[in-house]
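First comes the structure, then the notes that go with it.
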Amino acid sequence: MVEFEIYLPCEPEWVCGPLLFFFGVLFSAGIISFIWLIFKESRRIQRKQRVLKRRRQHYSLRDKRHGLPDKKKK
């Protein structure tokens, strides 16, 4: 098996530290935005499921389940 090594020498030493920090910040921001996107999509899916469940349910049953007072017939 052939091993490939990628090595990029960092000639001016003062460039390496900030460059490494910059890529670390970019990586962290990418991970955080990915987690935020997953959370947002899961909330959207849950909201859609709740709406579809309410649409399938008859309106008179909906009021009784949520504890809303029934309208009194005269």
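Put a dot 7 Å past each Cα toward the Cβ at Ser42 and Glu11; how far apart are the dots in nm?
If labels sit at Glu11 and Ser42, their model points lie 4.8 nm apart.
Over all distinct Cα pairs, what is the inverse of the mean 1/r for the stretch 1-58, reported as the Kirkwood hydrodynamic radius in Å? Numbers along the way, then the final one.
Numbers: mean 1/r = 0.0627 Å⁻¹.
One over the average 1/r among Cα pairs gives 16.0 Å for the stretch 1-58.
Bear in mind that the values in this text are calculations on the coordinates, not laboratory data. In this text, all values refer to a predicted model and were calculated from it rather than measured experimentally. In this analysis, Cβ positions are derived from the backbone assuming ideal geometry, glycine residues included, and neighbour counts consider all displayed protein chains.
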